[in-house]
1. Which value at 222 nm does the chain reach when only helices count, each DSSP H run of 4 or more adding -39,500 (n - 2.57), with the total divided by all residues and rounded to the nearest 500 deg cm²/dmol?
2. For the chain, take the longest principal axis of its alpha carbons; what is the angle in degrees between that and the long axis of helix 12-21, to the nearest 10 within 0 to 90?
3. How far apart, in nanometres, would the label points at residue 13 and residue 145 be if each is projected 7 angstrom from Cα along the Cα-to-Cβ direction?
4. Enter the Cα centre distance for the pair the stretch 109-151 and the stretch 66-100, rounded to the nearest angstrom.
5. Using the alpha-carbon atoms, what tilt in degrees (0 to 90, nearest 10) does helix 92-106 show relative to the longest principal axis of the chain?
6. Against the longest alpha carbon principal axis of the chain, how many degrees, from 0 to 90 and to the nearest 10, is the axis of helix 48-58 turned?
């Protein structure tokens, strides 16, 4: 079976900027340029029939375009050894509404969805026994970090394919956000 997730893709220049700010060091594996995205819903492994249901259900998503910006950095999990270093995304209310709209569209599909709360973020790096001192310096230096916004024009159904240097994320289907007037004005 194949693995999938639904996300907002980031423009390449923003991925480059995020990659450049990601710390380097032992135990820090930066997300490659081109793999940065904002996950709205992780789906996991899907059968061909479930994949078809998801693809069709996402056709029904109607939501206005969003202007997103980055704000702050942090790590997961909060209570344990850091495993993921991330950049925060704002504004939260419209993103949460979009995520709920996606979940509502998927409600008719035969899926077992994660129950974790939605925490909008962009993964910068995966951590494996990274130096706590280096991470603390990075977090302190970037705690109030902000970056210019970008327009989110679409959501994408991605397939995650394993690879030797980490997974490759391949777009399978794209779904435009906004109204017909938005498209005419492009």
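The numbers here are math on the coordinates, done by the rules we state, and not lab data. It should be emphasised that the depicted structure is a prediction, and the values quoted were computed from it without experimental measurement. Positions of Cβ are generated from backbone atoms using ideal geometry, with glycine treated the same way; all protein chains shown enter the neighbour counts.
1. -8500 deg cm²/dmol
2. For 12-21 against the chain, the angle is about 20 degrees.
3. 1.9 nm
4. Value for the Cα centre distance between the two parts: 6 Å.
5. Orientation of helix 92-106: about 50 degrees from the principal axis.
6. Roughly 90 degrees, rounded to the nearest 10.
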